[in-house]
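Here is the structure we will look at.
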């Protein structure tokens, strides 16, 4: 038993050689690194959960508009936000239709927008309170 303790002490002493940090500092570094990784992973999971599946009307490309991101405005929210980049000026309305898993429309929102040349912004769609956001599987965006 005594030999085991001596060996353990020697291993710890050798492991600490060349490092000015105490054992508690090393342990703290490992714990804080693991906590940071956990929080980063949690945030990444939430981001993926809030990302929307979008179906775009080909008119977006014809008008010089590109949608780069679609996100829910929060867990259980009936609002959706999409990031749109414009190459050309555009003024008009964008309709977002909420679709269930069979592709049936279950909600609709329309927003008036105006983009300058080489512009970009988030466009927010607010759906009716009656819409059950848990049934939504994708959003179809079209220009009006």
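Odds and ends about this structure:
- FRET E, pair residue 62, residue 104, Förster distance 22 Å, beta-carbon r, rounded to 0.05: 0.25
- Label-point separation, residue 77 to residue 118 (7 Å along Cα→Cβ), nm: 3.0
- Cα principal axis extents for the stretch 72-124, largest first, Å: 36, 22, 16
- The stretch 54-143: radius of gyration over Cα atoms, expressed as a fraction of 2.2 N^0.38 Å: 1.06
Only the coordinates and a few stated rules stand behind these numbers; no lab work does. What you see is a predicted model, and the numbers here were worked out from it, not measured in a lab. Methodologically, a virtual Cβ is constructed for each residue, glycine included, from the backbone with ideal geometry; neighbour enumeration extends over all protein chains shown.
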